[in-house]
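Encoded as structure tokens, the structure appears first; notes follow it.
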Amino acid sequence: MKAKKVILSLVLAVVAAVAFAADYSVASVTGKVQYESAPGVWKDIVKGDVLTASTVINTGLNSKLVLKCDDDTLTIKPMQKGTIEKLLSTSGVVKSGTKGKLNVAKGETADDETVKSKGISTASSRASEAKEDLEWDE
């Protein structure tokens, strides 16, 4: 009797996992984006394909993959490799949509103010600053 309950519980768990697994439809593909159809066999992803969360994908250099799941839009950045589920938990994905779990904080500056930054210090800018500090005898 216990064995039947255990087997029934396992079957129900598998059915629930399959029923609630998210399917992702491909909205757009830019560049070289592939999925692993079998171990070691990579195929190109095209618009309209349907992928599961366990699908292993690989985005190349200057590539982007946009997926739709319900009302969410997910953008997978270039040079990412892994399952969709794993990539969703990393920073290689940009989520948007009504169900997206993004918290956007409003900036502290007023709308009419502009923020000025000095930019990034480079070797040439540091050399220019050092040249101004030195007195050259010519």
Among residues other than ILE57 whose Cβ falls under 12 Å from its Cβ, what is the net charge (Lys/Arg +1, Asp/Glu -1)? +2
Total formal charge among the other residues, if their Cβ is under 13 angstrom from that of GLN34, Lys/Arg +1 and Asp/Glu -1: 0
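We did not get these values from a lab; they are worked out from the coordinates using the rules stated. These figures come from a predicted structure and were not determined experimentally. Here the Cβ is made from the backbone with ideal geometry for all residues, glycine too, and neighbour counts use every protein chain on show.
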